[in-house]
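The values are calculated or read from the model by the stated rules, or taken from the named source; none is laboratory data. What you are looking at is a predicted structure, and each value in this text was computed from that prediction instead of being measured. Ideal geometry is used to build each Cβ from the backbone, glycine not excepted, and the neighbour counts take in all protein chains shown.
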Amino acid sequence: MPRLLLLSFLLLTAACKKEAAEPEPALQGRWNRNAFVSIDYDATGNVLATYEDQPTGLELYYTISADTIRYFENQTLLSHSRYAREGSVLHVMQYNVNMRRMDQYDLTITELTDARLVFQRRATRPGGYYSISTTTCAR
């Protein structure tokens, strides 16, 4: 009888054990930019224009560390930004050389796997107009 009770307890414990959560894929590392799409909207949400950019003959990529995003074209650094991550949102601060000011914006990660990264940026314009740009990357 004690053995049966012990066996029942062990089976119940094993059945109730939580499965270990899968670790989130790493954001850090090199990400090759595969596609960029920007859609402009009016204040009521109607699409005004769509712009697509597929890199042809260019090596466009990001390197992402724990707090920095660098963007390269053919191994030439084009931009360097600092960020803080809050869940799926990256709060980015970038120095705009042309305007001589700090720009702040958010990037929202919409997909992150070991092999794929997709993020979006929403930019507001005067009069309620806005644009949403989507960048797709792969390792």
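Any idea which of 75, 54 is under 20 Å from the mean Cα position of the chain (by Cα) and farther than 21 Å from residue 92 by Cα? Break it down into steps so the answer makes sense when it comes.
Numbers: 75 fails: under 20 Å from the mean Cα position of the chain (by Cα).
Answer to the selection: 54.
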Checklist line | Residues satisfying the stated conditions in region 111-136, i.e. surrounded by 13 or more Cβ atoms within 10 Å (Cβ to Cβ) and of a type in the set (S, T, N, Q) | finding: 120, 131, 133, 134, 135, 136
Check: Take the residues of region 27-64 that are more than 15 Å from residue 131 (Cβ to Cβ) and of a type in the set (A, V, I, L, M, F, W, C): which is surrounded by the most Cβ atoms within 10 Å (Cβ to Cβ)?
Finding: 31
Checklist line | residue 57, sole failed condition from (1) in a strand (DSSP E or B); (2) farther than 28 Å from residue 25 by Cβ | finding: (1)
Check: How many of the residues making up region 74-83 are at pLDDT below 90 and part of a loop (DSSP other than H, G, I, E, B)?
Finding: 0
Next item on the list: Provide a single number: the residues in region 19-40 that are touching a strand residue (DSSP E or B) at 6+ places or on another chain (Cβ under 8 Å) and part of a loop (DSSP other than H, G, I, E, B).
Entry: 4
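Hey, does region 95-106 have a residue that's within 20 Å of residue 34 (Cα to Cα) and surrounded by 12 or more Cβ atoms within 10 Å (Cβ to Cβ)?
Kept after step one, since they are within 20 Å of residue 34 (Cα to Cα), are these residues of region 95-106: none.
No, that holds for no residue.
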Check: With respect to residue 113, is the statement that it is farther than 21 Å from residue 80 by Cα, among the β-branched types (Val, Ile, Thr) and touching a residue at least 40 places away in the same chain (Cβ under 8 Å) true?
Finding: yes
Check: Applying the selection to region 68-94, what residues are among the acidic types (Asp, Glu) and exposed (fewer than 11 other Cβ atoms within 10 Å of the Cβ)?
Finding: 86
